[in-house]
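The values are calculated or read from the model by the stated rules, or taken from the named source; none is laboratory data. Quick caveat: nothing in here was measured; it's all calculated off a predicted structure. Note: ideal-geometry Cβ built from the backbone for every residue, glycine included; neighbour counts use all protein chains shown.
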Amino acid sequence: MNSDQAGPIALVGSGEYLPVMADIEARLIAGRAPRYVQIATAAVPDGPATLERWHRLGIEQAQRIGVTPVIVPVATREDANNPDIVKMLDGAGLIYLSGGNPNFLAETLRDSALWTAIETQWRAGAALAGCSAGAMVMAAWVPTIRHPREGGTPGLGLLAHLRVIPHFDAFVKRMPDVATRFLVGRDDKVTVVGVDEETAIVGGPEEWIVQGSSSAWILRGAERQEFRVGETLHTPVSGASA
């Protein structure tokens, strides 16, 4: 799936575009073209004010890091197939899918020209990051977080061997059975990974380093294996978690 030229992937539990995550985002784009492509499509269902807030935060983070923000305005599948919008990804150093509604994000980008361009840029060396909804859609299946048994949405499939639970520490406090919910109907070849808030796993597609403030977790039924900042976790494409 990967190639020698492909850039790193970051799956982030929360905190995109905030000062607390600036070091992680700066490391992702370091040594690459200083074009920070930001796609806030997952926030579209929350309305224009929320979308504008994400755009503002993204611009501020790019300024903090010292690179150029590129806001890609994608609200519909028509936008995701618009050649003028797709061209905005040319020369990206870091492409970031921020948070919001993962099911809407997956439906909007799946099999689109924009997603093809994202993959192309990543395989050519750009870093690729997804936070919360943006991390979830990298998988082959995106469950509805609060009611996974009620269904979900096919994901973008870049990391088909994973299922990601963002905000993991917060979800466990509010919904202690969240891990079990994500394991409903699971494929044994899929590794379920929880990523705490203000935390990321970086690398991929099989080997990841935990960065940020807290921990990442590999979940096997009721069991959880914790990986702290600086530690490496493995998510083999073959499906054998380690």
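Count of the range 8-42 residues, restricted to those that are part of a helix (DSSP H, G or I), crowded, with 19+ Cβ neighbours inside 10 Å and of a type in the set (Asp, Glu), is 1. So, in the range 94-115, how many residues would count as being free of Cβ contacts under 8 Å to residues at least 12 places away in the same chain and among the hydroxyl-bearing types (Ser, Thr, Tyr)? So the count comes out to 0.
Any residue in the range 75-83 that is of a type in the set (Ser, Thr, Tyr), out of contact with any strand residue (DSSP E or B) (no Cβ under 6 Å at 6 or more places or on another chain) and farther than 21 Å from residue 27 by Cα? Within the range 75-83 (the criterion being of a type in the set (Ser, Thr, Tyr), out of contact with any strand residue (DSSP E or B) (no Cβ under 6 Å at 6 or more places or on another chain) and farther than 21 Å from residue 27 by Cα), the answer is yes, since at least one residue qualifies. Among residues of the range 27-42 that are touching a residue at least 40 places away in the same chain (Cβ under 8 Å) and within 9 Å of residue 93 (Cβ to Cβ), those with a beta-carbon under 8 Å from a residue that is among the hydroxyl-bearing types (Ser, Thr, Tyr) and surrounded by 24 or more Cβ atoms within 10 Å (Cβ to Cβ) at least six positions away or on a different chain give the pairs 29/36; 36/96; 37/96. Here residue 203 meets the list (1) modelled with pLDDT of 95 or more; (2) surrounded by 21 or more Cβ atoms within 10 Å (Cβ to Cβ); (3) under 16 Å from the mean Cα position of the chain (by Cα) almost entirely, failing just condition (2).
Only a single item in (1) of a type in the set (Asp, Glu); (2) farther than 24 Å from residue 163 by Cβ; (3) at pLDDT 95 or above is not met by residue 16, and it is number (2). Evaluation of residue 5 against the conditions (1) more than 25 Å from residue 160 (Cα to Cα); (2) of a type in the set (S, T, N, Q); (3) part of a loop (DSSP other than H, G, I, E, B) shows that the sole unmet condition is (1).
Looking only at strands (runs of 3 or more DSSP E) that lie completely in the range 67-167, which have at least 3 residues being closer than 26 Å to residue 34 by Cβ and at pLDDT 95 or above? Spell out the reasoning first.
Values: elements: 68-71, 94-97, 127-131, 141-143, 152-154, 162-165.
Fully inside the range 67-167 and qualifying: 68-71, 94-97, 127-131.
Return a yes/no flag: does the range 47-66 have any residue that is buried (at least 16 other Cβ atoms within 10 Å of the Cβ), without any contact (Cβ under 8 Å) to a residue 40 or more places away in the chain and among the small types (Gly, Ala, Ser). Looking through the range 47-66, at least one residue is buried (at least 16 other Cβ atoms within 10 Å of the Cβ), without any contact (Cβ under 8 Å) to a residue 40 or more places away in the chain and among the small types (Gly, Ala, Ser).
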